[in-house]
Every structure is written in C-alpha cells, then in structure tokens.
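Inspection log for the structure reproduced underneath, given as structure tokens.
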Amino acid sequence: MRNLSIKLMAAFAFAALVGIVLAAVLIERATTTQFQSYLEHSQGMGGMMGGGMGDLMQAMMGVPERGFLAAVQDSLWIAGASAVAVSVGLGVLLVRQVVAPLRRLNLAAQHIARGDLSLRVPVSSRDEVGELAHSFNYMADTLSRNQELRRNLMADIAHELRTPLTVIQSNIEGMMDGVVEPTKHNLSSLHEE
C-alpha cells in the first residue's frame with residue numbers, strides 16, 4: 001500500500017473510532033444519570049411503603065442495576081468495534097476504487113513520458129477520477145496527432161528540399177563535367193532553385 005491508501009483508511013478508522021467513543025461516553029453518562037434518578041425515585045417509593053422497605057429495595061436492586069449498566073457498556077464496545085471494522089472494510093473498498101485508477105493513470109503517464117503514445121486508460125466512472133482519465137486520454141490523443149503531423153511536416157519539408165537540391169546538384173555536376181555550360185541563364189536558374 002502507498003501513502004494515499006493508508007491515509008484514507010486511517011481517516012475512516014479514526015472517524016469511526018471518534019464517533020463510537022463519543023457515543024459511548026454520552027450514552028454511559030445518560031444511562032448512569034437516568035439510572036440514579038430511577039433509584040432515587042424507587043427509594044422514595046420504598047419510604048412510602050414503610051421504613052425498612054426502602055433499604056430492602058435498595059439492596060435488591062443493586063446487582064441487577066450494575067449488571068444492566070455493564071451490559072449497556074459491553075454492548076457499546078461491541079457496537080463500536082463492529083462500526084470500526086465496517087468502516088475499515090468500506091475504507092478498503094473506497095481506497096481500491098480511488099487508488100487503482102490513479103495507479104493506472106500513473107503507469108500510462110510513465111509510458112507517455114518514455115515516448116509510447118499508444119497507451120490509454122479505461123474510463124470507468126463519471127466522477128473526478130473518471131474526468132481525469134478522460135482528460136488524460138484526450139491529452140494522449142492530441143500528443144499522438146501532433147507527433148503524426150510533425151512527422152508528415154518533416155517528410156513534406158524533406159521532399160520539398162530534396163527536389164531543388166537534386167536539380168542544383170545535377171546542374172553543378174553537369175557544369176563541372178562540361179556537359180552544361182555555366183551561362184548567365186543557367187546560373188540564374190540555379191540561383192532561383
């Protein structure tokens with residue numbers, strides 16, 4: 001894995017962890033406060049039933065209440081761990097969907113940098129990465145067309161230069177061999193070429 005993959009997965013895990021810890025703290029405080037209020041209310045009800053009954057009710061409720069609070073806390077941690085696992089799993093899927101096309105683009109860019117203008121990347125989405133792939137392919141097509149036009153231009157220039165140079169060369173050779181006379185008319189024609 002590369003840097004972007006790790007950063008994205010860490011961001012998902014961190015966001016899930018912060019959310020779960022925050023939820024756990026808030027729920028624990030709320031349940032503890034509400035439960036204390038319930039116990040105070042129950043104790044008040046026991047006082048209405050007689051002096052000894054309130055102490056008896058308090059003793060009877062102590063263990064189940066602690067068990068209830070422990071069960072709530074355990075459930076929160078299980079839910080938190082599950083949420084972190086799900087967010088990491090979703091993070092891995094997202095990283096693959098984002099990073100894989102970027103890696104293909106990087107590979108294609110390396111090919112173009114080496115002069116291979118034939119490689120194109122598949123456009124598999126309409127999001128920003130898909131737009132980038134489309135722009136990359138358009139750039140590669142434009143570069144390929146420009147290279148072909150440059151080759152054609154060079155071939156045309158070479159052809160256009162070759163004809164007059166051949167005429168000049170053959171006339172000069174003819175003058176050197178004495179076949180063509182170096183008259184003002186012939187020299188003027190060579191000058192024009």
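The values are calculated or read from the model by the stated rules, or taken from the named source; none is laboratory data. Computed from a predicted model, the values in this text were never measured in an experiment. We place every Cβ from the backbone using ideal geometry, glycine too, and count neighbours over all the protein chains shown. These accessible areas exclude ligands, DNA and RNA; they are computed on the full protein's heavy atoms, side chains included. Shrake-Rupley method; radii C 1.70, N 1.55, O 1.52, S 1.80 Å.
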Subset of segment 76-121, residues within 30 Å of L26 (Cβ to Cβ) and open to solvent by 70 Å² or more (accessible area, probe 1.4 Å), comes to W77, I78, V86, L90, L93
Condition met for V63 (at pLDDT 75 or above and part of a helix (DSSP H, G or I))
no
Going through segment 145-186 in order, the residues found to be open to solvent by 90 Å² or more (accessible area, probe 1.4 Å), among the aliphatic types (A, V, I, L, M) and farther than 28 Å from L117 by Cβ are L165, M176, V179
Return yes when E131 is assigned to a helix (DSSP H, G or I), at pLDDT 85 or above, out of contact with any strand residue (DSSP E or B) (no Cβ under 7 Å at 6 or more places or on another chain) and not β-branched (V, I, T) and no when it is not.
yes
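Restricting the search to segment 122-143, which residues are hydroxyl-bearing (S, T, Y) and open to solvent by less than 50 Å² (accessible area, probe 1.4 Å)?
As a first pass, look at segment 122-143 and keep what is hydroxyl-bearing (S, T, Y): 124-125, 135, 138, 142.
The answer is S125, T142.
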When you scan segment 131-154, do you find a residue that is within 31 Å of the chain's Cα centre (by Cα), under 23 Å from I6 (Cα atoms) and β-branched (V, I, T), even just one?
no
Out of R120, R145, R126, which single residue is without any contact (Cβ under 8 Å) to a residue 24 or more places away in the chain and assigned to a helix (DSSP H, G or I)?
R145
Looking at (1) of a type in the set (A, V, I, L, M); (2) under 30 Å from A23 (Cα atoms); (3) modelled with pLDDT of 85 or more, which is the one condition that is false for V92?
(3)
